[in-house]
Amino acid sequence: MADKHRPREAVDYSHLVREVFDTCLRVKPKDRVWIQSWDHTLDLARALASGCSSRACSYLLSIRYEDLWLRSILDGSKEQLSVVGSQEAAALAETEFYIFTLGPRNPIPWSAIPKEKRGMVSVWLDVRYDKTPYAKEWARIASEHRVRMLAIEATLATPERARAQGLNYEEWRNVMFKGCLVDHEKMARRGKVLAKLLSGRGNVRMTTPFGTDLSLELDRRPVGVSDGIAREEEAKMAMVTFLPAGALEVSVKEDSANGTVVYDVPVPAGTSRVDKLKVLVRDGQAIRHEAVEGDGVFQQYLEEGGGGAGQCAFIGFGLNPNLRPGCTQDDKVLGGVTIGFGDNTTKGGKNTANGEWWASMTRATVAIDGMTVLSNGKLLV
C-alpha cells in the first residue's frame, strides 16, 4: 500500500525553464523578472526563480492563493476589481519580464459570482481575450514600460479541471507540458512562411474526409502567429506570449465563405461537449447546423452572440508538433485547421459579435490560389 505521507516526487522543470529564459524571453544578466504563481504551481515557480538566480537576474516572486483570490472577487466592489493596485503597478513598472502561471486549480465557480461582477474577473491579462477594466489598465502600464509577458497555460491542466471537462488528467498534463518544449525557433520560421502566404489576397479551398468542403477569400488582413517567442513589438502592444504556443490565425473576407464545415474533433463546452458539428455556410453566414451531440450549445452561442455570431470570421493553422487533438489546444496542433465564427475585430476583421466560436479539424487539405499548403493534415511549407 502506498504511503500517503510520502512526499510527492518532484517534477523536473529544468528543460522548460531553459526554454522560457533562453529561447522564449532571451533574458540577460541583471534583467528584472517578476514571477507570479498560483498556489498550485509553486514547484514550477521555484524552478523559475532558480533559473533567474543562475542567470544573475533579479527577481520578484509573488503567490496568488485561490481562496483569497475568490474571496476578493466576492467581497470587493466593482471599482476595486477594476483597478491595478498601486503596489502591483509599481512592481510592473520596474519589470522587464513578467512570467505568470495560469489558474486557479479549480474551475472558476461562475455561478457563485454575482452577475454584475463576472465581467470584472481577469484571468488572461491580454486584452485580445481579457476584456476587463483591470486587464486594460494592466496593458497600459505594461505597454508603457515595454514589459515582455509570458503565460504558462499548461498549468491549467489540473485533476479538478480534468474531471470537469471529462479529460484524463495525466494525459492532458503530459501533452500540455510537452507542448511547451517544442523547438520554438523552428516553429517561428515555419509560421513566418505560412503567414506570408495568408497575408495577401487569394482564394482558399479546404476539404476533409469527414465532409468539410469550404471556400473563402483572403483580404490582406494581418496574420497573428503564436510561436512562443516574446518580442519587442509585442511588448509595445502588451501582448502576452502563451505556452504551449503554435497557432496561426487570419481573419477572412466576411461575406466570402461558402460550403460546409464539419468539425471532426469533439469540442468541450463546460460540462457538455459538441461532437461532429456540421455547419452549412452561404455568403459568409451560417444558415443551418446539426451535430451528433451538443447541437444546442452552438445554437445557444448564435442566440447570445448577436447578429454577427453566425459570420464565418477567421481561419487558423496549427504549428506545434508536440500537441494532440482533444487536449484543449486543438488550434495549435500541427496539421490541424481551425474555422472560427463571430467577432474577428481583434484579428483585423470587420465583424462584431458577442464572442466567437471556433473549433478544429484534422486531415484537411488546403490550397491557396491552387497551391496546396496542407495535404491530408501534413503541412507542406
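The values are calculated or read from the model by the stated rules, or taken from the named source; none is laboratory data. Fair warning: this is a prediction, and the values are worked out from it, not measured in the lab. Glycine gets a Cβ as well: all are built from the backbone with ideal geometry, and neighbour counts include every protein chain shown.
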Surrounded by 18 or more Cβ atoms within 10 Å (Cβ to Cβ) and touching a residue at least 60 places away in the same chain (Cβ under 8 Å) - does that describe any residue in the range 297-310?
-> no
For Ala164, work out the one condition from (1) free of Cβ contacts under 8 Å to residues at least 40 places away in the same chain; (2) of a type outside the set (Lys, Arg); (3) surrounded by fewer than 18 Cβ atoms within 10 Å (Cβ to Cβ); (4) under 26 Å from Pro109 (Cα atoms) it doesn't fulfil.
-> (1)
How many of the residues making up the range 108-155 are of a type in the set (Gly, Ala, Ser) and either within 11 Å of Ala238 (Cα to Cα) or in a loop (DSSP other than H, G, I, E, B) (or both)?
-> 6
Do any strands (runs of 3 or more DSSP E) lying entirely in the range 321-381 carry at least 3 residues that are within 14 Å of Tyr263 (Cβ to Cβ), and which ones are they?
-> 337-342, 356-361
Where residues in the range 348-361 are out of contact with any Asp or Glu (no Cβ under 6 Å at 6 or more places or on another chain) and closer than 26 Å to Ala154 by Cβ, which of them is surrounded by the fewest Cβ atoms within 10 Å (Cβ to Cβ)?
-> Gly355
Kindly check whether there is at least one residue in the range 33-44 that is within 21 Å of Arg18 (Cβ to Cβ), among the hydroxyl-bearing types (Ser, Thr, Tyr) and out of contact with any Asp or Glu (no Cβ under 9 Å at 6 or more places or on another chain).
-> yes
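Residues checked against (1) assigned to a strand (DSSP E or B); (2) farther than 30 Å from Cys24 by Cβ; (3) modelled with pLDDT of 95 or more:
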| residue | (1), (2), (3) |
| --- | --- |
| Arg205 | yes, yes, yes |
| Phe210 | no, yes, yes |
| Leu214 | yes, yes, yes |
| Glu217 | yes, yes, yes |
| Ala230 | no, no, yes |
| Val250 | yes, no, yes |
How about the range 222-236: which of its residues are more than 17 Å from the chain's Cα centre (by Cα) and charged (D, E, K, R)?
-> Arg231, Glu232, Glu233, Lys236
Just checking, how many residues over the range 262-277 are part of a loop (DSSP other than H, G, I, E, B) and either among the polar types (S, T, N, Q) or in contact with a strand residue (DSSP E or B) (Cβ under 6 Å, 6 or more places away or on another chain) (or both)?
-> 4
